[in-house]
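Visitor: Can you read through this structure? Questions will come right after.
The values are calculated or read from the model by the stated rules, or taken from the named source; none is laboratory data. Values in this document were obtained by computation on a predicted structure and should not be read as measured data. Counting neighbours? That spans all protein chains shown, and the Cβs are built from the backbone with ideal geometry, glycine included. Heads up: the accessible areas ignore ligands, DNA and RNA and are worked out on the full protein's heavy atoms, side chains in. Shrake-Rupley method; radii C 1.70, N 1.55, O 1.52, S 1.80 Å.
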Amino acid sequence: QVQLVESGGGWVQAGGSLRLSCAASGNISTSYAMVWYRQAPGKRRELVALISSRETTAYADSVKGRFTISRDNAKNTAYLQMNSLKPEDTAVYYCHFSRPGEGYWGQGTQVTVSS
């Protein structure tokens, strides 16, 4: 059974930075895609960034140029470096690891950006 544990969330002033981590326990291979989502109160969950098994990356337009996703396969961990944070980035951030036929969610970590 695979479990994902997120960390690194917290409170920061606008313009600040945070780095989220998502560590997987269990049998994780390099074939998994790693994705970060977020959900703000009253809004739908949205994709923020993804990194494929071949380390191709993609970002939501709202975070391009500010956020960077990366992965460390040796540590079974995905990262999300968030710079120049804005109040509208406030949300619960979730990681998701997947490959055809299976997927796993983390429990979420709160990010709060004050103006």
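Visitor: Over all directions, how big on average is the projection of the convex hull of the alpha-carbon atoms in the chain, in square nanometres?
Guide: On the way: hull surface 27.2 nm².
Mean projected area of the Cα convex hull: 6.8 nm².
Visitor: Given the options TYR94, TYR32, TYR79, which has the most mean-square fluctuation in a GNM of the chain, springs set between C-alpha atoms less than 10 angstrom apart?
Guide: Ranking TYR94, TYR32, TYR79 by mean-square fluctuation puts TYR32 first.
Visitor: Running a GNM on the chain with Cα contacts under 10 Å, which residue among SER98, SER17, SER25 ends up with the highest mean-square fluctuation?
Guide: Checking each option, the largest mean-square fluctuation is seen for SER25.
Visitor: With a 1.4 Å probe and all protein chains left in place, how much accessible area per residue does the chain have, in Å²? Walk me through the intermediate numbers first.
Guide: Details: 6100 Å² over 115 residues.
The answer is 53 Å² per residue.
Visitor: State the percentage of accessible surface on region 40-86 attributable to carbon and sulfur atoms; use a 1.4 Å probe and exclude ligands, DNA and RNA. Before the final figure, lay out the partial values.
Guide: Numbers: 1250 of 2790 Å².
The C+S portion of the solvent-accessible surface of region 40-86 is 45 percent.
Visitor: While we're on this one: With +1 on the Cβ of every Lys and Arg and -1 on the Cβ of every Asp and Glu, and nothing else charged, how large is the dipole of the chain about its Cα centre, in debye rounded to the nearest 20? Before the final figure, lay out each step's value.
Guide: Details: 12 positive and 8 negative charges, 19 e Å.
The calculation lands at about 80 debye.
Visitor: Counting only DSSP beta bridges with both residues in the chain, tell me the antiparallel percent, nearest 5.
Guide: Values: 39 of 44 bridges.
Just about 90 percent of them are antiparallel.
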